[in-house]
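Let me begin by presenting the structure, written as structure tokens, before commenting on it.
The values are calculated or read from the model by the stated rules, or taken from the named source; none is laboratory data. Note that this is a predicted model, so its numbers are computed, not measured. Cβ placement follows ideal geometry from the backbone for every residue including glycine, while neighbour counts extend to all protein chains displayed. For accessibility, only protein heavy atoms count, side chains too; no ligands or nucleic acids. Shrake-Rupley method; radii C 1.70, N 1.55, O 1.52, S 1.80 Å.
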Amino acid sequence: MPIYAGLLGASGETAGLYIAFAYFCIALGTVIGGRLSDSISNRKLFLVITGTLFAPITWLLGKAGNLWQLTLCTGLQYLIGGLCLAVTGAITGREAGPKERGKVFGLLGMTIGLGALAGGLSIGPMVDAWGYR
């Protein structure tokens, strides 16, 4: 993220603010998603709709030509990510039995770390092979 921001002209301080804004958006999305999950009758449909928004926003993120576009797209992506996290937690809490919740939430918590590990192990060699600095 800071490398992409730097390519669009961000200084070190601006890149830090950009990342802070992204994490603020994920926190805000989580809070909003938690509040919305109580009032939404069809959580699964809401999860599908919000998840579907990821593709066009990711495409726009790749097309960002300046820092404010990058910041806006990243903020939207992280906000939607927070919404998805909160609604997934609400669905899981309602669907899992009382004796299964610890296991299920433990597995959900591990997926982020395992995804980062798998991504790092696979993307690193690809980036090295393609000569990215």
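Would you confirm whether any residue within region 79-93 is on the phi < 0 side of the Ramachandran plot, modelled with pLDDT under 85 and surrounded by fewer than 14 Cβ atoms within 10 Å (Cβ to Cβ)? Yes, the conditions are met somewhere in region 79-93. Within region 1-10, the set of residues being without any contact (Cβ under 8 Å) to a residue 24 or more places away in the chain and open to solvent by 50 Å² or more (accessible area, probe 1.4 Å) comprises 2, 3, 7.
Close contacts from region 88-99, counting a first residue that is over 17 Å from residue 112 (Cβ atoms) and free of Cβ contacts under 8 Å to residues at least 60 places away in the same chain and a second that is open to solvent by 20 Å² or more (accessible area, probe 1.4 Å) and polar (S, T, N, Q), with Cβ to Cβ under 8 Å and a gap of 6+ residues or different chains, come to none at all.
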